[in-house]
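So that we are looking at the same thing, I have put the structure below in structure tokens.
The values are calculated or read from the model by the stated rules, or taken from the named source; none is laboratory data. None of the values given here were measured: they were computed from a predicted structure. Cβ coordinates were reconstructed from backbone atoms using ideal geometry, including for glycine residues, and neighbour counts include every protein chain displayed. The area values use the complete protein model at the heavy-atom level, side chains included, leaving out ligands, DNA and RNA. Shrake-Rupley method; radii C 1.70, N 1.55, O 1.52, S 1.80 Å.
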Amino acid sequence: MNTEDRPRRRSGLRLAVAAAVAALVVVSAAGVAVAGSDTVAAPLAATRTDAFTRDQVGDIGLEPNPSGLPFWASPDIKVCATALGCASDQPLTVGGTAYIFITLNVPGPYGTGVSNGTMNVYWTLLGGAAQWPADWTSIGSVAVPASPGVTTITIPWVGVPDDGPAPGAHFCLLSRWVSPTDPMTFEGPNTVANTTANNNISWHNVAPIPVNAGTSTGTTVPFAVGNVANVPTDNDLVFGQGADRRFENVGGKVVVDLGGQLFQRWQQAGAKGTAIRPIGGTKIQILDLATARIAGIRINPGERPQVLLNFTAAQPASTVFPITVTQFGPGHAGAQPTDIGGVQYDVTVRRG
């Protein structure tokens, strides 16, 4: 499907979602809060405090984030189908209610004591290079005191919207802890820079993808390719998977549909890439998920079109196949290409 002309925002939908949101808080023994209330019982701390959410496992709150691992798959944000929680992300249902679980850690390396503030959570189209705040829509927020230890905050997402071209609902999530005694380092229009520079901000781009084995249609999901610069930029889509869980071992295949406009631009730039093969129309088959790259996709300022990824598999499997797609491009004009956002697709293959 060609999605270039699809609007990036539907204002009526945004208002409907915002109006339907309510907040539920679950706090560990270290903290006290009132469910469904924005009132915090504890007084403001008199000194600098530091609560943080992790960008990856092993993150201890140091900023800018020193890890070379992806910063967009935070383990401290999780999406569940019920308020009872879940072990890992569960699929979203259009029009249904999901529950966003956010883990807040205290103290971080820059303060002590109780951190009083408000946890905010937002959604955007699944993909890379989202601009702040233009590309993000609020899901909800709740005020809470975060005492030393771990505080778990649960925010319901009522009336999950449709993300557009692919069946189902697939979104990126962003959490922001806002506190008068735990300020941001800075915030600008680049979500990547904001996430890596502030331990108050985390990005969660993890999508559970169920695939029925032996079917020719498979499962189709989106990936939004953006541009946070003020000039046209060339971007690559880079694929990856774990060496011990290769999707190809169960007859897994991935086909990318760039759509008419992006496919034409890619061809005009030389149709460059690694471990890929055009297979007709605007589609490109991924030949090796561990090394594949679609290179030189031109994106104009303000654009964030969605490409479509189709997953098929021949055999069912009991394991989960984490497949990553990362957008590499300049974060601003003149910068060297770098990771500017990606998605981890957790693919499960069940009997058709």
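How many residues does the range 298-352 hold that are assigned to a strand (DSSP E or B), over 21 Å from the mean Cα position of the chain (by Cα) and among the hydrophobic types (A, V, I, L, M, F, W, C)?
Looking only at that region, the number is 1.
Would you pick out the residues in the range 311-346 that are more than 24 Å from A129 (Cα to Cα), open to solvent by less than 40 Å² (accessible area, probe 1.4 Å) and among the hydroxyl-bearing types (S, T, Y)?
T312
What is the number of the single condition among (1) open to solvent by less than 30 Å² (accessible area, probe 1.4 Å); (2) out of contact with any Pro (no Cβ under 8 Å at 6 or more places or on another chain); (3) farther than 27 Å from L92 by Cα that T274 does not meet?
T274 satisfies every listed condition except (1).
If I ask for residues that are part of a strand (DSSP E or B) and open to solvent by less than 10 Å² (accessible area, probe 1.4 Å), which ones from the range 118-136 would you list?
Across the range 118-136, the qualifying residues are M119, V121, T124, G127.
Could you go through the range 81-101 and let me know if any residue there is farther than 28 Å from P322 by Cα, open to solvent by 40 Å² or more (accessible area, probe 1.4 Å), in contact with a strand residue (DSSP E or B) (Cβ under 6 Å, 6 or more places away or on another chain) and assigned to a strand (DSSP E or B).
Scanning the range 81-101 turns up no residue that is farther than 28 Å from P322 by Cα, open to solvent by 40 Å² or more (accessible area, probe 1.4 Å), in contact with a strand residue (DSSP E or B) (Cβ under 6 Å, 6 or more places away or on another chain) and assigned to a strand (DSSP E or B).
Please work out which residue is nearest to the chain's Cα centre (by Cα), limiting yourself to the range 46-62 and to residues that are more than 19 Å from V343 (Cα to Cα) and surrounded by fewer than 19 Cβ atoms within 10 Å (Cβ to Cβ).
G58
Still on this structure: Restricting attention to the range 102-117, and to residues there that are assigned to a strand (DSSP E or B) and farther than 23 Å from V57 by Cα, which single residue is modelled with the highest pLDDT?
G117
If I ask for residues that are in contact with a helix residue (DSSP H, G or I) (Cβ under 9 Å, 6 or more places away or on another chain) and open to solvent by less than 70 Å² (accessible area, probe 1.4 Å), which ones from the range 234-260 would you list?
Across the range 234-260, the qualifying residues are Q241, V254, D257, L258.
Rundown of residues vs (1) open to solvent by 20 Å² or more (accessible area, probe 1.4 Å); (2) touching a residue at least 60 places away in the same chain (Cβ under 8 Å); (3) on the phi < 0 side of the Ramachandran plot, yes/no style:
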| residue | (1), (2), (3) |
| --- | --- |
| A213 | no, yes, yes |
| V228 | yes, yes, yes |
| L262 | no, yes, yes |
| G280 | yes, no, no |
| E303 | yes, yes, yes |
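Then there's this: Could you figure out which of (1) within 18 Å of P208 (Cβ to Cβ); (2) open to solvent by less than 30 Å² (accessible area, probe 1.4 Å) isn't true of S115?
All conditions pass for S115, except number (1).
One line per residue, one yes/no per condition, for (1) in contact (Cβ under 8 Å) with a residue 12 or more places away in the chain; (2) open to solvent by 20 Å² or more (accessible area, probe 1.4 Å); (3) out of contact with any Pro (no Cβ under 9 Å at 6 or more places or on another chain); (4) not aromatic (F, W, Y):
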{"position": "G140", "(1), (2), (3), (4)": "yes, no, no, yes"}
{"position": "I153", "(1), (2), (3), (4)": "yes, no, yes, yes"}
{"position": "G168", "(1), (2), (3), (4)": "yes, yes, no, yes"}
{"position": "L173", "(1), (2), (3), (4)": "yes, no, yes, yes"}
{"position": "R176", "(1), (2), (3), (4)": "yes, yes, yes, yes"}
{"position": "T185", "(1), (2), (3), (4)": "yes, yes, no, yes"}
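Another one. Restricting to the range 286-295, name every residue that is within 26 Å of D244 (Cβ to Cβ) and open to solvent by less than 30 Å² (accessible area, probe 1.4 Å).
Those that are within 26 Å of D244 (Cβ to Cβ) and open to solvent by less than 30 Å² (accessible area, probe 1.4 Å): I286, L289, A292, I294.
What pairs come out if I take residues in the range 305-318 that are among the hydroxyl-bearing types (S, T, Y) and pair them with residues that are in a loop (DSSP other than H, G, I, E, B) whose C-beta lies under 9 Å away, six or more apart or interchain?
Partner pairs satisfying both residue conditions: T312/A213; T312/G214; T312/T215; T312/S216; T312/T217; T312/G218; T312/G251; T312/G252.
Can you name every residue in the range 187-211 that is over 19 Å from A134 (Cα atoms) and either free of Cβ contacts under 8 Å to residues at least 12 places away in the same chain or among the β-branched types (V, I, T) (or both)?
Matches in the range 187-211: V206, I209, V211.
Return the residues of the range 233-266 that are at pLDDT 95 or above and in a loop (DSSP other than H, G, I, E, B); say none if nothing qualifies.
Within the range 233-266, R246, G251, G252, L258 qualify.
So how many residues does the range 157-166 have that are in a strand (DSSP E or B), more than 21 Å from A73 (Cβ to Cβ) and open to solvent by less than 10 Å² (accessible area, probe 1.4 Å)? First the steps, then the outcome.
First, the residues of the range 157-166 that are in a strand (DSSP E or B): 157-158.
Now narrow it down to the ones that are more than 21 Å from A73 (Cβ to Cβ): 158.
Going one step further and asking which of them are open to solvent by less than 10 Å² (accessible area, probe 1.4 Å), we end up with none.
Final tally of qualifying residues: 0.
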